[in-house]
């Protein structure tokens, strides 16, 4: 069980096309510029190999940055601008952060041994190492290792359980207080919670799931030829050919799963089976946990089942979503006549609103649930549908984005080959390319990256292009409003093929 090494490598000079495309654009006058600061947080010289897939940010707010590079015969991990020691190899898929970025980890190799490095500290060596993950609070780290002919689960460098085999990833509860996993001994399956076996001698088990409040644990288990639901150590009375898509409601009071019997699929709650269909899709709960919906196939057509009521027929369905206040439900579909439709429903028994166009995008509710927006294609142009009205016509528009206070809706559009950001229906300046828009928590500010000239990207803050140019912004990284500044990760390339990464800040005070 050796971990695979990183195989996708690229020299520093070839990184640009992967991180951010380069196009030509007209220059734009700067106005009302704010103080800017760019701190170097890592470099890769032309003689070094940069592993693109190793570039990582912490999930919670994208304020911590890591990457791996190779120099001579050693590999190095750089975390927030600090380069660590050289190792023989660094495992593919690492480094990685805990959610808030206060801890990081990566798998390193020395000879034939693998070991975890956490916040610069080496943990014990093993013959291999995989399936590592942090707890949600970031204070615990668990992973699987081989020990002789067995497999063990390790937490923070300490072996806590050993089995013939360990199935899948370990699972932490949302409050990080509990750890569960599935072990196998002599072809029998065991479910372990906090180091204690809570179910043993099973033929199989899967889908360990904690409730959002961490008070309940559920999983499916197999005995003989039937699958059962186990919740809080109690096993359902009815067995099925298969069980999958186990899900708790947001308030943790409901637990529903899909089941299969006699070539039919259906959902089950409290051991009571719902209507059976040839196929069903993933189930979605409303935020208040009182309602749920899922897609089902009957013959060749798909319908949405909302609160037990079947909706209109479509050939394809997508994007089932409830409004944040749970009072409305929307989804998109394609009809037999190849028309795109967005369906909006308040109560399942009422006639739904049908918004039909040549094509439609994903429906998006505002945070206060009062507004609804989505993309539409009218045969010649793309437009944004917003609360019953269509916006300006463009060659292409992207998915609309609402501000946290619901007062602003923005989207990227293309017109005459140039890109622009449209804010509450008002078009912004034209660029060769623009990135995703990001809002401050109160919704009062908005920022996005834009290419102003060839190989020259700037931050656009509240419709003003800031002065500091870069060769690119890190792709898929958030722009964060924090500590009275607007923060992003950027990069530059020099003629000698050196790549320089920056933590960029626009100072708001």
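Values as computed for the structure displayed
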| quantity | calculated |
| --- | --- |
| Unique residue being crowded, with 16+ Cβ neighbours inside 10 Å, touching a residue at least 24 places away in the same chain (Cβ under 8 Å) and closer than 21 Å to residue 321 by Cβ when the list is 295, 259 | 295 |
| Filter result for the condition that a residue is farther than 25 Å from residue 212 by Cα, free of Cβ contacts under 8 Å to residues at least 40 places away in the same chain and in a strand (DSSP E or B), over 159, 191, 197 | 159 |
| Residue selected from the range 88-113 under the condition more than 19 Å from residue 56 (Cα to Cα) and touching a strand residue (DSSP E or B) at 6+ places or on another chain (Cβ under 6 Å), by the criterion surrounded by the most Cβ atoms within 10 Å (Cβ to Cβ) | 109 |
| Criterion violated by residue 39 - all others in (1) surrounded by 14 or more Cβ atoms within 10 Å (Cβ to Cβ); (2) at pLDDT 95 or above; (3) assigned to a strand (DSSP E or B) satisfied | (1) |
| Some residue of the range 312-330 being assigned to a loop (DSSP other than H, G, I, E, B), under 30 Å from residue 404 (Cα atoms), modelled with pLDDT under 95 and in contact with a strand residue (DSSP E or B) (Cβ under 6 Å, 6 or more places away or on another chain) | no |
| Scan of the range 346-372 for residues that are more than 30 Å from residue 395 (Cβ to Cβ), at pLDDT 95 or above and surrounded by 15 or more Cβ atoms within 10 Å (Cβ to Cβ), ordered by number | 369 |
| Residues of the range 219-251 satisfying the condition of being more than 22 Å from the chain's Cα centre (by Cα) and under 19 Å from residue 135 (Cβ atoms) | 219 |
| Hits in the range 210-227 - residues which are surrounded by fewer than 19 Cβ atoms within 10 Å (Cβ to Cβ) and in contact with a strand residue (DSSP E or B) (Cβ under 8 Å, 6 or more places away or on another chain) | 212, 216, 222, 223, 226 |
| Matching residues in the range 369-383 - criterion: being more than 25 Å from the chain's Cα centre (by Cα) and within 23 Å of residue 463 (Cβ to Cβ) | 382, 383 |
| Residues being more than 20 Å from residue 58 (Cα to Cα), in contact (Cβ under 8 Å) with a residue 40 or more places away in the chain and surrounded by fewer than 21 Cβ atoms within 10 Å (Cβ to Cβ) - total across the range 488-509 | 6 |
| Residue within the range 162-169 that is at positive phi, surrounded by fewer than 18 Cβ atoms within 10 Å (Cβ to Cβ) and within 24 Å of the chain's Cα centre (by Cα) present | yes |
| Flag if residue 184 is surrounded by 15 or more Cβ atoms within 10 Å (Cβ to Cβ), in contact (Cβ under 8 Å) with a residue 24 or more places away in the chain and more than 20 Å from residue 308 (Cα to Cα) | no |
| Elements of type strands (runs of 3 or more DSSP E) in the range 344-461, at least 1 residues being without any contact (Cβ under 8 Å) to a residue 12 or more places away in the chain | 353-357 |
| Complete set of residues in the range 262-281 that are surrounded by fewer than 16 Cβ atoms within 10 Å (Cβ to Cβ), closer than 23 Å to residue 232 by Cα and touching a strand residue (DSSP E or B) at 6+ places or on another chain (Cβ under 9 Å) | 269, 270, 271, 273 |
| Output for the range 479-509, where each listed residue is over 15 Å from residue 44 (Cα atoms), part of a loop (DSSP other than H, G, I, E, B) and at pLDDT below 95 | 483, 484, 508, 509 |
| Failed item, numbered, when residue 286 is tested on (1) surrounded by fewer than 20 Cβ atoms within 10 Å (Cβ to Cβ); (2) more than 28 Å from residue 184 (Cα to Cα); (3) in contact with a strand residue (DSSP E or B) (Cβ under 6 Å, 6 or more places away or on another chain) | (1) |
| Single condition residue 260 does not satisfy, out of (1) more than 25 Å from residue 385 (Cα to Cα); (2) in a loop (DSSP other than H, G, I, E, B) | (2) |
| Hits in the range 42-65 - residues which are under 13 Å from residue 502 (Cβ atoms) and either within 21 Å of the chain's Cα centre (by Cα) or in a loop (DSSP other than H, G, I, E, B) (or both) | 65 |
| Per-region count, the range 66-87, residues surrounded by 19 or more Cβ atoms within 10 Å (Cβ to Cβ) and in a loop (DSSP other than H, G, I, E, B) | 1 |
| Filter pass, residue 99 being under 18 Å from residue 79 (Cα atoms), in a loop (DSSP other than H, G, I, E, B) and either out of contact with any helix residue (DSSP H, G or I) (no Cβ under 7 Å at 6 or more places or on another chain) or modelled with pLDDT under 95 (or both) | yes |
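The values are calculated or read from the model by the stated rules, or taken from the named source; none is laboratory data. Just so we're clear, the structure is a prediction, and the values are computed from it rather than from any experiment. Cβ atoms come from the backbone with ideal geometry, glycine included; neighbour counts cover every protein chain shown.
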